[in-house]
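Everything on this sheet refers to the single structure shown next.
The values are calculated or read from the model by the stated rules, or taken from the named source; none is laboratory data. Quick caveat, the model's predicted, so the values are computed rather than measured. Here the Cβ positions follow ideal geometry from the backbone for every residue, glycine too, while neighbour counts run over all protein chains shown.
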């Protein structure tokens with residue numbers, strides 16, 4: 001029995017409103033972060049491989065484009081987190097009205113940028 | 001309009017459907033990840049700029065490696081639940097359930113690897 005039921009086109013067809021765009025970005029960041037988990041395991045493995053491997057890893061991490069990707073991953077995490085909080089708010093029944101939806105979407109985007117900036121600053125200033 | 005309080009949901013644990021349990025665990029792990037993410041960020045900050053001895057010292061402190069392990073457990077569970085939904089939404093082929101189990105298996109392997117690595121780091125004399 002062939003159970004292949006093709007999916008009707010969606011993302012490639014509709015021009016999504018802001019809330020829809022954020023929603024699919026939330027999913028995308030989730031997938032990206034899940035893939036990045038493999039990298040994290042690799043980093044921990046390097047730590048068990050001794051000083052030389054660790055220093056080599058650190059040198060690689062100083063490359064400018066690696067730093068850019070790193071900041072991008074941090075932003076992905078903050079975006080995912082902020083939208084996740086909005087999901088929990090929705091679960092409690094808040095902010096479903098059309099106007100509040102748009103307003104909270106803007107709050108959320110601002111919050112994610114703020115959170116990323118704050119984290120980077122905290123890392124720079126050794127607050128953590 | 002307020003949604004039904006989740007308190008009543010938690011008292012009826014045994015009659016919850018699989019999908020409701022999935023939904024609930026997704027929220028529980030998400031909220032837990034908010035504080036637990038500190039240990040991820042701190043580890044990445046150390047790997048980025050701290051000397052090997054400092055990173056090792058931080059990891060060898062039981063509270064840090066334990067909470068990092070807890071973070072990994074929570075994130076793998078959260079990612080497994082999330083990836084399941086992604087596959088269920090976009091993959092309409094017969095092999096879908098196998099794919100979902102494959103992804104969950106991979107995440108479990110990552111969790112196992114991290115546990116073994118942390119165990120080795122904590123019990124080792126690296127950088128002594």
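Residue check: residue B:90 meets all listed conditions (1) modelled with pLDDT under 95; (2) closer than 21 Å to residue A:28 by Cβ; (3) in contact with a helix residue (DSSP H, G or I) (Cβ under 7 Å, 6 or more places away or on another chain) but one, namely (3). When B:40, B:56, B:46 are checked against the criterion of being surrounded by 17 or more Cβ atoms within 10 Å (Cβ to Cβ), assigned to a helix (DSSP H, G or I) and within 14 Å of the chain's Cα centre (by Cα), a single residue qualifies: B:40. Only a single item in (1) more than 8 Å from every other protein chain (Cβ to nearest Cβ); (2) more than 23 Å from residue A:121 (Cα to Cα); (3) without any contact (Cβ under 8 Å) to a residue 12 or more places away in the chain is not met by residue B:90, and it is number (1). Tell me, yes or no, whether the stretch A:8-26 has at least one residue that is at pLDDT 95 or above and facing another protein chain (nearest Cβ under 8 Å). No. The residues in the stretch A:27-49 that are at the interface with another protein chain (Cβ under 7 Å from one of its Cβ atoms) and either closer than 16 Å to residue B:120 by Cα or modelled with pLDDT under 95 (or both) can be counted, and the count is 6.
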